[in-house]
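Colleague: Dumping the structure here so I can ask a few things about it.
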Amino acid sequence: MIAQATSRPAAAQHLRDLVRLRRARDQMDRDYAKPLDVPALARVALMSPGHFSRSFRAAFGETPHGYLMTRRIERAKALLRRGDLTVTEVCFAVGWTSLGSFSSRFTELVGESPSSYRARRHDEGAAIPACVAKIYTRPVRNGEGKPARRL
């Protein structure tokens, strides 16, 4: 009886924290090209920066900074596939301020440089629904979290 009484408030607090964390994640999804930092995102979630970082990682499996960088790379890949912007224009459009940092991070997560990614053909995935393609093309550091491919 005592365990039930004490777990209900904790569960309710956990749900409130998840709502706040989603609010911060939604802001990252919306404003990925703007300068965002952990203290500002923590304010959106009504948490201290340390608690926000720990809670975000526990809830979403990666740090706020890692999530934001992945989101920026996802958007950069889409812009590079279009082919009407230069790598430098894409770099600045997705929120990076340094072409070198952008190229390094892109190469780390995607496995090829932005210019080679832009230059190659991308029509092989044109028939795949976007929601499915997003799962398989999401840049992930060191192959973590990649879905298993079925034969």
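The values are calculated or read from the model by the stated rules, or taken from the named source; none is laboratory data. This is a predicted model, so every value here is computed, not measured. Don't worry about glycine lacking a Cβ; one is built from the backbone with ideal geometry, like all the others, and counts go over all protein chains shown. The protein model used for the area step is the full one, side chains on, heavy atoms only, and it has no ligands, DNA or RNA in it. Shrake-Rupley method; radii C 1.70, N 1.55, O 1.52, S 1.80 Å.
Colleague: Regarding PRO9, is this residue more than 25 Å from TYR117 (Cβ to Cβ) and open to solvent by 40 Å² or more (accessible area, probe 1.4 Å)?
Modeller: Judged against the criteria, PRO9 is a match.
Colleague: Would you kindly identify the helices (runs of 4 or more DSSP H) lying entirely within region 14-94 that contain at least 1 residues that are of a type in the set (Lys, Arg), touching a residue at least 40 places away in the same chain (Cβ under 8 Å) and surrounded by 15 or more Cβ atoms within 10 Å (Cβ to Cβ)?
Modeller: Per the criteria, 64-82.
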